[in-house]
Amino acid sequence: MYVCNCNGLRQRDVAQAIEAGACRPRDIFARHQCQAQCAKCVCEMRQMIQDSHEAFALAAE
């Protein structure tokens, strides 16, 4: 499923960037050598980052 239609970024692309240390949507775009176009994807990316951080925190407990 696509997260960013403008740049063709899929959920797995975003997830890989987050696993590699992306903490902001800007980091995700930089990892894939692109930039936000319409920015409709930014909210979903932020949610994916937050979900990842929460899952990591739970695993650390």
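The values are calculated or read from the model by the stated rules, or taken from the named source; none is laboratory data. Nothing here was measured: the structure is a model prediction, and the numbers come from that model. Cβ atoms come from the backbone with ideal geometry, glycine included; neighbour counts cover every protein chain shown. The area values use the complete protein model at the heavy-atom level, side chains included, leaving out ligands, DNA and RNA. Shrake-Rupley method; radii C 1.70, N 1.55, O 1.52, S 1.80 Å.
Heavy-atom accessible area for E44, with the other protein chains in place and a 1.4 Å probe, reaches approximately 70 Å². Considering only alpha-carbon pairs that sit under 8 angstrom and 6 or more positions apart, the relative contact order computed for the chain is 33 percent. Cysteine residues of the chain whose C-beta has no other cysteine C-beta under 4.7 angstrom: C6, C23, C34, C38, C43.
For V3, the residues whose modelled amide H falls within less than 5 Å of its own, excluding neighbours fewer than 5 places apart on the same chain, are L9, R10, Q11. Angle of helix 42-60 to the longest C-alpha principal axis of the chain, folded into 0 to 90 degrees and rounded to 10: 20°.
With both labels modelled 7 Å from their Cα along Cα-to-Cβ, the A55 to Q37 distance reads 2.7 nm. By the compact-protein rule of thumb, 2.2 N^0.38 Å, the alpha-carbon radius of gyration of the chain corresponds to a ratio of 1.08.
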